[in-house]
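> Starting off with a structure, shown below.
The values are calculated or read from the model by the stated rules, or taken from the named source; none is laboratory data. The model shown is predicted, which means the values in this text are computed figures rather than measured ones. With ideal geometry, Cβ positions are generated from the backbone for all residues, glycine too; neighbour counts draw on all protein chains shown.
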Amino acid sequence: MEITEVIREIENRKKTGELMKRRVTCIHCGKTWIEFVGVVIAQKEGYEDVYLRIGTESENCFACRWRPVQCENCNAHDVYEITFPKKIHEETILS
């Protein structure tokens, strides 16, 4: 199924859920990309609910340390989320 078909399917329904936008980088090749992770639930009276699950969590497995996300460029599993502060103060010293 194409993504455009999925969007048409959920377009005219009441939507709940949450998507988080994450910037991710690979420490091996330096590639960066944006991932959307979460679920969107679309409901309409008289129809089946539609659950759109996007992405996977990037946390390590506590038992084996396996990472579910990998770099599409070099296939490395050493990828990490890049976070930026919401507000940068002017007095912040850059070193």
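> Hey, could you check segment 24-54 for residues that are of a type in the set (A, V, I, L, M) and over 16 Å from D78 (Cα atoms) and say which is nearest to the chain's Cα centre (by Cα)?
Filtering first and then ranking leaves V37.
> Could you tell me which residue of segment 44-55 is modelled with the lowest pLDDT, considering only residues that are assigned to a strand (DSSP E or B) and loosely packed, with under 13 Cβ neighbours inside 10 Å?
Among those residues, the one meeting the criterion is R53.
> Same structure again: C71 passes all but one of (1) modelled with pLDDT of 85 or more; (2) loosely packed, with under 14 Cβ neighbours inside 10 Å; (3) assigned to a loop (DSSP other than H, G, I, E, B); which number fails?
Evaluating C71 over (1) modelled with pLDDT of 85 or more; (2) loosely packed, with under 14 Cβ neighbours inside 10 Å; (3) assigned to a loop (DSSP other than H, G, I, E, B) leaves (2) as the failure.
> Can you find a residue in segment 27-43 that is assigned to a helix (DSSP H, G or I) and exposed (fewer than 14 other Cβ atoms within 10 Å of the Cβ)?
no
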